[in-house]
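To start, the structure itself, in structure tokens.
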Amino acid sequence: MSERDRMVWLHDAAKAYGEGPRRVQVLQGLDLEVRKGELVAVVGPSGVGKSTLLHIIGLLDRPDSGTLELDGTDVSCLDLEARAKLRNTLIGFVFQYHYLLDELDARDNVALPLRIAGRTGHAARGRAEELLTRVGLADRASHFPDQLSGGELQRVAVARALAMEPPLLLADEPTGNLDRENSEMLFSLVRELHLMEGLTSIIVTHDEEMAGRCDRAFRLAPAGERSGDV
Ligand SMILES: Nc1ncnc2c1ncn2[C@@H]1O[C@H](COP(=O)(O)OP(=O)(O)O)[C@@H](O)[C@H]1O
Ligand SMILES: [Mg+2]
């Protein structure tokens, strides 16, 4: 894959947690390349390091060793401020839990990253309403998190993740707390946004059917075993 076509290039990554007898080697010698525009599922047993991997790619954590390039930028030599800036412009993150702020309505939750980035309240709210429309929640803009269902909360979280128009969407078991029907709806929404917005997306999922609807599935194996496409 040429550098121009590549959004993510993780090479020979290692990550351990803990010290002494409690030390756990989570990732070791891990390689993962993701092409621009690809929708990749990450699968693997619980505790194998899927969240760790996504946090590293999302600049929320650092590998102990190895190389990470995002859209052609080697991130290992960036300082904290440069990493934060790159994260804000490049990456949208959706977690299993929505992490919306209880005291803000859906519109202001989605507008928050835009406000932090310096947009005026008016511009940020306008864009937030546009995003809520795109996730099918135009009529829920003034609802607070405790007035929304689990599926709706995750759709607001997706809208917030896309507020800054990041080219890279990372989702860590985004349907993990949802029932079958809402899981299906959320995954279809993410897939549709992925295609419409020309995103590169990496989704951690336990659901084989969802993984099968991605461009490919990457199976993360325990450190020391071979990870790769399934
Ligand atoms: N902050 C941490 N401190 C210590 N151990 C951790 C930490 N985060 C994760 N781990 C351990 O690393 C392993 C991988 O965790 P995780 O990436 O959350 O796996 P997965 O998402 O595949 O379930 C687990 O054994 C977990 O207990
Ligand atoms: Mg996890």
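Values in this text are rule-based calculations from the coordinates and carry no lab data. Since the structure is predicted, the reported quantities are computational estimates derived from the model, not experimental observations. Glycine also receives a Cβ, built like all others from the backbone with ideal geometry; neighbour counts cover every protein chain displayed.
In Å, what Kirkwood hydrodynamic radius results for the chain from the alpha-carbon pair distances?
Details: mean 1/r = 0.0550 Å⁻¹.
18.2 Å is the Kirkwood radius here.
Just want to confirm a number: the relative contact order over segment 1-93, from Cα pairs under 8 angstrom separated by 6+ residues, in percent.
Working: 127 pairs, mean separation 30.4, N = 93.
This gives 33 percent for segment 1-93.
Tell me whether segment 42-118 comes out rounded, prolate or oblate; compute the Cα gyration tensor, take square roots of the eigenvalues as a ≥ b ≥ c, and use a/c under 1.5 as the rounded threshold. Let's see the in-between values first.
Numbers: a/c = 2.83, a/b = 1.31, b/c = 2.16.
It comes out oblate by the Cα gyration axes.
Would you list D172, D215 from fewest to most Cβ contacts within 10 Å?
Working: D172 21, D215 13.
Fewest-to-most ranking of D172, D215: D215, D172.
By counting other Cβ atoms within 10 Å of each Cβ, how are I56, I91 ranked from fewest to most?
Working: I56 23, I91 19.
The order, fewest Cβ neighbours first, is I91, I56.
What ranking do E197, E3, E152 get, fewest neighbouring Cβ atoms within 10 angstrom at the top?
On the way: E197 15, E3 9, E152 21.
Fewest to most other Cβ atoms nearby, the residues stand as E3, E197, E152.
What residue among V26, V156, V190 shows peak mean-square fluctuation when the chain is described by a Gaussian network model with Cα springs under 10 Å?
V26
What residue among N177, A84, S65 has its Cα farthest toward the positive end of the dipole of segment 3-229, where the charges are +1 on Lys, Arg and -1 on Asp, Glu, each on the Cβ?
A84
What are the trypsin sites (Lys or Arg not before Pro) within segment 6-95 that DSSP puts in a loop, where the Cβ has at most 15 other Cβ atoms within 10 Å? Walk me through the numbers before you get to the answer.
On the way: sites: R6, K15, R22, R23, R35, K36, K50, R83, K85, R87; in loops: R23, K36.
Answer in residue order: R23.
Can you tell me the relative contact order of the chain? Whole percent, Cα pairs under 8 Å, sequence separation 6 or more. Walk me through the numbers on the way to the answer.
On the way: 420 pairs, mean separation 63.6, N = 230.
Result for the chain is 28 percent.
Could you check which residue among L100, L80, L169 shows the biggest mean-square fluctuation in a GNM of the chain with a 10 Å Cα cutoff?
Maximum among the listed residues: L80.
About its Cα centre, what dipole magnitude does the chain give when the only charges are +1 on Lys and Arg Cβ and -1 on Asp and Glu Cβ, stated in debye to the nearest 20? Present the calculation step by step, with values, prior to reporting the outcome.
Numbers: 27 positive and 37 negative charges, 68 e Å.
The calculation lands at about 320 debye.
For the chain, what is the calculated [θ] at 222 nm in deg cm²/dmol (nearest 500), taking -39500 (n - 2.57) for each run of four or more DSSP H residues and dividing by its residue count? Numbers along the way, then the final one.
Working: 7 runs with 78 residues, N = 230.
Per the formula, -10500 deg cm²/dmol.
Which lysines, if any, have their Cα less than 20 Å from the Cα of K15, not counting same-chain residues under 8 positions apart?
By straight Cα distance, K15 reaches K50.
What residues have an amide H closer than 5 Å to that of D172, excluding those fewer than 5 places away on the same chain, when H is modeled at 1.01 Å from N in the peptide plane?
V94, F95, Q96, V204
Treating the angle as unsigned and between 0 and 90°, give the value, to the nearest 10°, between the Cα long axis of helix 121-134 and the longest Cα principal axis of the chain.
Helix 121-134 and the main axis of the chain meet at about 80 degrees.
Relative to the first principal axis of the alpha-carbon coordinates of the chain, what is the inclination of helix 150-161, with its axis defined by its Cα atoms, in degrees from 0 to 90 and to the nearest 10?
For helix 150-161, the angle is close to 80 degrees.
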